[in-house]
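The values are calculated or read from the model by the stated rules, or taken from the named source; none is laboratory data. All figures in this text were calculated on a predicted structure; none of them were measured in a lab. Quick reminder, even Gly has a Cβ in these numbers, built from the backbone with ideal geometry, and neighbours come from all protein chains shown.
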Amino acid sequence: MDRLGLPVVEGWKVARDLDAVLGLIEEWRQRRDQLAYDIDGVVVKINSFAQRERLGSTAKSPRWVMAYKYAARQAQTRLLGITLQVGRTGAITPVAELAPVLLAGTTVKRATLHNEDEIKRRDLRIGDLVVIEKGGDVIPKVVEAVVSERPRGARPFVMPDRCPACGGPLERPEGEAVSRCHNPACPPQIRLRIRHFASRNAMDIEGLGTALVEQLVSSGLVHSIPDLYRLKHAELAALERMGDKSAQNVLDGLEASKQREPARLLFGLGIRHVGAVVARLICDHLERDLLELPDKSEGELSAIEGVGPVVAGSVARFFADRRQRAMLRELADLGLNTQIPKREKARTLRAGVAGKTFVLTGTLPHFTREEMTAKVQAAGGRVTGSVSRKTDYVIAGEEAGSKLAKAQELGVPVLDEAAALKLLGPA
């Protein structure tokens, strides 16, 4: 490549056997600190084009190349405090506030501590000297406290019983490690819920990005999801970095989102445990309107294959809150589509597929999970999230995991992409 005038990384070598490969890996581990740039490992490639062709590629990467990662670099710094972040579903995540320290090319000031139990397990106290590293040389994390250097007065962390953002009560459900704020008016939750609602797999609202959502909530123009559909052109245009054209684009995006199918609206509400596939399963079992859902009992929901008691309980608790029921009604009154499409006529369904249950796993070569799901549904099948004895087919791509193993254990037929397309037919 260098003879062709293309830049080539320095120091590459052809290794004749595995011992030579391991020797080069160790050589560069020792030399990594002498480089003018950061590295986190060494890339090993098959040098023969014929062997590369035989090995082929997955949907994500070639099989003839591998990255050998070095152990993460570590540094010591002081744990100055622990703050709390509020997630979209109200989950409270403790975050370590650290004395700034240079690690793997960047200055680290914060690192996630995951949950209260993790802090106790590592016996971390405010004031401790702690060891930190970057997972994959990217994500900072606290490894341990240097207990021998613990200062007098280092304070154990105590999880508060009130939300740090809104002051609402925190609840830690039995059997879970995470405390949660259940106040739907909690400002950080509002921001994150709106971002989720506007995301591509939900309502796909063009122009409604992270920065604009922050402005809308901070300015008081939006306090809830329905407020999005009450925005006026003048209000949007007056915001920083907006203007007439950008404001109109957002309004056009909001108007277009009103026609999204009810399953995407349900997913967009951000109910815990309800992903895009589960939202569609639930909608497929409604008769006429998404507005029927709040009146469904937990038992009725758990009877839907692919839903189960955990999801059913989450949906039932969500709509047990009168504010959430009112929000769904409000969205319908604002013109969002809640009408369940009529079932496909029998003559349009594919023989051998209609009424069958499919599970998707792994990465397909030419279709996203959403695209293959749409093909299954167009042929009259349905897609669930887990494999059971009631599953008729598993469509498996590269890097399929436990679902494929479960299907093989139960004797469920497994299809690759080509076989699935042959079964499903044109759609």
Neighbours by Cβ (under 7 Å, 6+ apart or cross-chain): first from the stretch 273-296, without any contact (Cβ under 8 Å) to a residue 40 or more places away in the chain and in the same structural domain as residue 317 (by TED's automatic domain parsing); second in a loop (DSSP other than H, G, I, E, B) and β-branched (Val, Ile, Thr)
282/304; 282/307; 285/304
Can residue 15 be described as in contact with a Gly (Cβ under 7 Å, 6 or more places away or on another chain) and more than 30 Å from residue 167 (Cβ to Cβ)?
no
Give the residue, chosen from 302, 246, that is farther than 21 Å from residue 320 by Cα and hydroxyl-bearing (Ser, Thr, Tyr).
246
Which of the numbered conditions does residue 259 fail, given that it passes all the others? Conditions: (1) surrounded by fewer than 17 Cβ atoms within 10 Å (Cβ to Cβ); (2) at pLDDT below 95; (3) closer than 30 Å to residue 301 by Cβ; (4) among the polar types (S, T, N, Q).
(2)
Cβ-Cβ distance below 8 Å, separation of 6 or more or different chains: which pairs start in the stretch 307-324 with a residue that is in contact (Cβ under 8 Å) with a residue 60 or more places away in the chain and end on one that is in a helix (DSSP H, G or I) and of a type outside the set (Gly, Ala, Ser)?
324/294; 324/318
In the stretch 216-240, the residues that are farther than 17 Å from residue 88 by Cβ and in a loop (DSSP other than H, G, I, E, B):
219, 220, 221, 231, 232, 238, 239, 240
Restricting to the stretch 271-311, count the residues that are charged (D, E, K, R) and not in a loop (DSSP other than H, G, I, E, B).
7
Determine which single condition residue 96 fails, assuming it passes every other condition in (1) at pLDDT below 95; (2) under 24 Å from the mean Cα position of the chain (by Cα).
(1)
Please go through the stretch 245-270 and pick out each residue that is assigned to a helix (DSSP H, G or I), touching a His at 6+ places or on another chain (Cβ under 8 Å) and closer than 26 Å to residue 282 by Cβ.
268
For the stretch 121-135, give me each residue that is within 27 Å of the chain's Cα centre (by Cα) and not β-branched (Val, Ile, Thr).
121, 122, 133, 134, 135
Any residue in the stretch 332-350 that is free of Cβ contacts under 8 Å to residues at least 24 places away in the same chain, exposed (fewer than 14 other Cβ atoms within 10 Å of the Cβ) and under 28 Å from the mean Cα position of the chain (by Cα)?
no
Count of the stretch 71-112 residues which are among the hydroxyl-bearing types (Ser, Thr, Tyr) and either part of a loop (DSSP other than H, G, I, E, B) or at positive phi (or both)
1
Pair list, Cβ < 8 Å and 6+ apart or interchain, from the stretch 93-121 residues that are farther than 20 Å from residue 157 by Cβ to residues that are surrounded by 13 or more Cβ atoms within 10 Å (Cβ to Cβ) and β-branched (Val, Ile, Thr):
100/77; 100/108; 101/77; 101/108; 101/132; 102/108; 103/132; 107/101
Please indicate, with yes or no, whether at least one residue in the stretch 319-327 is over 23 Å from the mean Cα position of the chain (by Cα) and farther than 30 Å from residue 251 by Cα.
yes
Filter the stretch 129-140 down to the residues that are in contact with an Asp or Glu (Cβ under 8 Å, 6 or more places away or on another chain) and buried (at least 17 other Cβ atoms within 10 Å of the Cβ) and list them by number.
129, 130, 137, 140
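Okay, residues lined up against (1) closer than 30 Å to residue 314 by Cβ; (2) at pLDDT 95 or above; (3) touching a helix residue (DSSP H, G or I) at 6+ places or on another chain (Cβ under 6 Å):
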residue: 118; (1), (2), (3): yes, no, no
residue: 124; (1), (2), (3): no, yes, no
residue: 131; (1), (2), (3): no, yes, no
residue: 153; (1), (2), (3): no, no, no
